[in-house]
Number of protein chains: 2
Amino acid sequence: MNDHGLRYFEDYVPGATHECGSVSVDEASIIAFAKEFDPQPFHVDPVAAAAGPYRGLIASGWHTCAIVMRLLVDNYLSTEASLGSAGLDELRWPHPVRPGDTLRVRATVVEARRSLSKPDRGIIKTVIEAVNQDGRAVMRATAINFLLVRPEPAR
Amino acid sequence: MNDHGLRYFEDYVPGATHECGSVSVDEASIIAFAKEFDPQPFHVDPVAAAAGPYRGLIASGWHTCAIVMRLLVDNYLSTEASLGSAGLDELRWPHPVRPGDTLRVRATVVEARRSLSKPDRGIIKTVIEAVNQDGRAVMRATAINFLLVRPEPAR
């Protein structure tokens, strides 16, 4: 377990930016994901994609979200205190992800408040950004997560 | 290609609801997806999950989105005219997806407007809802999609 795995609600401080590492995306994984979940021509068929609206194969936006999530789990979300997510606001894919791209992921805490109804937890909002090797944003969203507050030490 | 595959922008009429079929989710696929993309204990480890915040294994929200997307591609989005998506607003997972659940997906067009800058296309907004076998909503979002307008017949 990394340090991030032991975080509690109190460790997610509004304004703090967390670098979450990077990941490369290859054509085989783009096609494999899309064949199962999003078999549109520009995600699964390099020949059709070359003649299509993006002039080449691009990753399903859901694939991009999934690989970004992996970096968040490995580098940002607490293993100890994460209670899951209510969802995300303003999820955007401003630029396509193409085979060979390397995506860097950054998480910035924008809000943190204790739950009024459940005193053992808090709610954090995080702006998640993924940029490619040219610095272009390929995904952006504001995630809503629930986390346990730090337990009081036993007396 | 199904009928939906031949739709153009004009065929997405605000107010119209499209039933997109249903899909069942098993434990093996929940664990396989989460091991790759979202390896939090309550998604990958049935024993840890039983003692965790959801009292049992639940699907990654991204897995839910991916299987819902498959039903949208197979039953709603045009093969002929789809130009991809800008993203989604207010993506929510109001209730967990558990092994053995069957999800039914419905798409309701809420907005359709021609692009001002690109006359060959339009923008549609769709409320996507997935409900489980008990009628509980497990996913909801408003998707933003670009579609080609119907070509004028050759003279």
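The values are calculated or read from the model by the stated rules, or taken from the named source; none is laboratory data. Just so it is clear, the structure is predicted and the values come from calculations on it, not from any experiment. We place every Cβ from the backbone using ideal geometry, glycine too, and count neighbours over all the protein chains shown. We work out accessible area using only protein heavy atoms, side chains counted, and drop any ligands, DNA or RNA first. Shrake-Rupley method; radii C 1.70, N 1.55, O 1.52, S 1.80 Å.
How far, in whole Å, is the nearest Cβ of chain B from the axis relating it by rotation to chain A, and which residue carries it?
For chain B, the closest residue to the axis carrying it onto A is B:Leu91, 3.
How far is A:Lys35 from itself in the other copies, in nm, if each label sits 7 Å out from Cα along the Cα-Cβ line, shortest first?
1.9
Within 10 Å of each Cβ in A:133-146, how many Cβ atoms from other chains are there, averaged over the peptide? Don't skip to the end; give the middle numbers.
Values: counts 0, 0, 0, 0, 0, 0, 1, 1, 3, 0, 2, 3, 0, 1.
That works out to 1 on average.
By average Cβ neighbour count within 10 Å, what is the ranking of B:57-64, B:100-107, B:25-32 from highest down? Show your work: numbers first, answer last.
On the way: B:57-64: 25.4, B:100-107: 18.8, B:25-32: 16.0.
Per-residue mean Cβ counts within 10 Å order the peptides as B:57-64, B:100-107, B:25-32.
Of all trypsin sites (Lys or Arg not before Pro) in segment B:1-55, which ones are in loop regions per DSSP and have a Cβ with at most 14 other Cβ atoms within 10 Å?
Of the trypsin sites (Lys or Arg not before Pro), the ones in loops of segment B:1-55 whose Cβ has at most 14 other Cβ atoms within 10 Å are B:Arg55.
From zero up to wherever the largest Cα-Cα distance of the protein assembly as shown sits, split into 10 Å bins and tell me the percent of pairs in each.
6, 26, 34, 23, 8, 2, 1, 0, 0
Taking a probe of 1.4 Å and counting only protein heavy atoms, give the total accessible area buried between chains A and B in Å², rounded to the nearest 100.
Numbers: alone 8740 and 8740 Å², together 14550 Å².
That pair hides around 2900 Å² of surface in total.
Which whole number gives the average, over all residues in B:62-70, of C-beta atoms from other chains lying within 10 Å of the residue C-beta?
Details: counts 10, 4, 0, 8, 10, 3, 2, 9, 7.
Partner Cβ neighbours, averaged per residue: 6.
Suppose every K and R has +1 on its Cβ and every D and E has -1 on its Cβ; what is the size of the dipole of the protein assembly as shown about the Cα centre, in Debye to the nearest 20?
Numbers: 34 positive and 38 negative charges, 139 e Å.
The dipole of the protein assembly as shown has a size of about 660 debye.
Charges at C-beta only: +1 for Lys and Arg, -1 for Asp and Glu. How large is the resulting dipole of segment B:4-69 about its Cα centre, in Debye rounded to 20? If you can, show how the numbers build up before the last one.
Values: 3 positive and 8 negative charges, 31 e Å.
Computed about the Cα centre, the dipole is about 160 debye.
For B:Thr79 and B:Ala50, what does the FRET efficiency come to when R0 = 30 Å and r is the distance between their Cβ atoms, rounded to the nearest 0.05? Before the final figure, lay out each step's value.
Details: r = 42 Å, r/R0 = 1.41.
Working from the Cβ atoms, E equals 0.10.
Tell me the net charge near A:Gly52. Cut-off is 12 Å between Cβ atoms, A:Gly52 excluded, with +1 for each Lys or Arg and -1 for each Asp or Glu. Don't jump to the answer; show the numbers that get you there.
On the way: positive: A:Arg55; negative: A:Asp45, B:Glu80.
Local net charge: -1.
For n ≥ 4 DSSP H runs only, could you compute -39500 (n - 2.57) per run for chain A, divide by its residues and tell me the 222 nm figure to the nearest 500? Could you put the intermediate results ahead of the total?
On the way: 4 runs with 35 residues, N = 155.
That calculation yields -6500 deg cm²/dmol at 222 nm.
As an exercise, find the ratio Rg/Rh for segment B:1-80 from alpha-carbon atoms, using the Kirkwood inverse-distance average for Rh.
Working: Rg = 16.9 Å, Rh = 14.6 Å.
The Rg/Rh ratio comes out at 1.16.
Put one equal scatterer on each alpha carbon of segment A:1-148, apply the Debye formula with no solvent term, and list log10 I(q)/I(0) at q = 0.10, 0.12, 0.16 1/Å to two decimals.
Calculated log10 I(q)/I(0) at the listed q: -0.39, -0.54, -0.84.
In debye, nearest 20: dipole of segment B:23-155 around its Cα centre with unit charges on the Cβ of K, R (+) and D, E (-)? Present the calculation step by step, with values, prior to reporting the outcome.
On the way: 16 positive and 15 negative charges, 108 e Å.
Here segment B:23-155 has a charge dipole of around 520 debye.
To the nearest whole number, what is the average tally of beta carbon atoms from other chains within 10 Å of the beta carbons of peptide B:47-57?
On the way: counts 0, 0, 0, 0, 0, 3, 7, 2, 0, 0, 0.
Mean partner-chain Cβ count within 10 Å for B:47-57: 1.
Distances in nm, one decimal, shortest first, from A:Val23 to the same residue in every other copy, taking the label point 7 angstrom along Cα→Cβ.
Distances to the matching label points in the other copies: 1.8 nm.
Suppose R0 equals 41 Å. What FRET efficiency, 1/(1 + (r/R0)^6) with r the Cβ-Cβ distance, do B:Glu111 and A:Glu152 give to the nearest 0.05? Before the final figure, lay out the partial values.
Numbers: r = 49 Å, r/R0 = 1.20.
So, using R0 = 41 Å, E works out to roughly 0.25.
Can you give the net charge of the other residues whose Cβ lies under 13 Å from the Cβ of A:Gly100, counting K and R as +1 and D and E as -1? Present the calculation step by step, with values, prior to reporting the outcome.
On the way: positive: A:Arg98; negative: A:Asp26, A:Glu27, A:Asp101, A:Asp134.
Combined, the nearby Lys, Arg, Asp and Glu give -3.
Using θ = phi - 60° and the Karplus form 6.51 cos²θ - 1.76 cosθ + 1.60, what ³J(HN,Hα) does each residue of segment A:68-74 get, whole Hz, x for Gly and Pro?
Karplus values, whole Hz, x for Gly and Pro: 5, 4, 4, 5, 5, 5, 6.
Which net charge results when you count Lys and Arg as +1 and Asp and Glu as -1 among the other residues whose beta-carbon is under 9 Å from that of A:Val25? Please report the intermediate quantities before stating the final value.
Details: positive: A:Arg98; negative: A:Asp26, A:Glu27, A:Asp101.
Charge balance near A:Val25 sits at -2.
Give a residue-ordered list of calculated ³J(HN,Hα) values for segment A:54-60 (Karplus: 6.51 cos²θ - 1.76 cosθ + 1.60, θ = phi - 60°; whole Hz; x for Gly, Pro).
Each residue's phi maps through the Karplus curve to give 9, 6, x, 5, 10, 6, 4 Hz.
Taking one equal scatterer on every alpha-carbon of segment B:63-106, how large is log10 of I(q)/I(0) by Debye at q = 0.26, 0.34 1/Å?
Log10 of I(q)/I(0), two decimals: -1.15, -1.39.
Taking a virtual spin label 7 Å from the Cα of A:Glu90 along the C-beta vector, which residues in segment A:124-150 bring their backbone nitrogen under 20 Å of it?
Inside the label zone: A:124-132, A:136-146.
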